[in-house]
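Beneath this line is the structure, given in structure tokens, with notes to follow.
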Amino acid sequence: MVLATKSKCLLLHGYIQACRGLMIAAVSLGFFGSIIALFGMKCTKVGGSEKAKAKIACLAGVVFILSGLCSMTGCSLYANKITTEFFDPLFIDQKLNAASATGVAWTQPLKVNITG
């Protein structure tokens, strides 16, 4: 049963695999950015001097920006595919209207990039 589930996940289209990979990278980078930011806080004893903590905090900001870019790229790739299929008159499968979902999906990376 588990083998059948794994093989079905690998049979997805390439753009879905790319979006999934980008989203996993975004979540991982966000997690590691949070851990790095903990070491860059002034209230912690780990991290060394104030100058070193400032560099660590700057690195955490860069990691957060990379996380937002990965997330935004994945959302944009998927939204592009949905809109091209929606406006294609020869596409006969189910047409998705994901305007509200992509709007919500784009606000998160924008917030991450602004705060990063």
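Every number here is computed from the coordinates shown, using simple stated rules; none is lab data. Keep in mind that what you see is a predicted model, and the values were worked out from it rather than measured. Because the Cβ atoms are built from the backbone with ideal geometry, glycine has one as well, and the counts that use them run over all protein chains shown.
Worth pointing out:
- Computed from backbone phi with θ = phi - 60° and the Karplus coefficients 6.51, -1.76 and 1.60, the 3J(HN,Hα) list for segment 34-39 is 5, 5, 5, 5, 4, 6 Hz; x is used for glycine and proline.
- Computed from the C-alpha gyration tensor, the three semi-axes of the ellipsoid equivalent to segment 9-105 are 40, 12, 9 Å, from longest to shortest.
- For the chain, averaging the sequence separation of C-alpha pairs within contact (under 8 Å, six or more residues apart) and dividing by the residue count gives a relative contact order of 29 percent.
- Positive dipole terminus of the chain, leading residue within Thr83, Leu110, Ser34 (C-beta point charges): Ser34
- log₁₀ of I(q)/I(0) at q = 0.24, 0.27 Å⁻¹ - segment 12-64, Debye sum with one point per alpha carbon: -0.80, -0.91
- Lysine-lysine proximity count for segment 22-113, Cα under 23 Å, sequence distance 8 or more or distinct chains: 7
- For the pair Lys111 and Cys43, the difference between a 0.36 nm per residue extended length and the Cα-Cα distance amounts to 22.0 nm.
- Dipole in debye (nearest 20) - the chain, about Cα centre, beta carbon charges: Lys, Arg +1; Asp, Glu -1: 560
- Working note: Karplus 6.51/-1.76/1.60 with θ = phi - 60° gives segment 66-75 the couplings 4, 5, x, 5, 4, 5, 5, 5, x, 5 Hz, where Gly and Pro are set to x.
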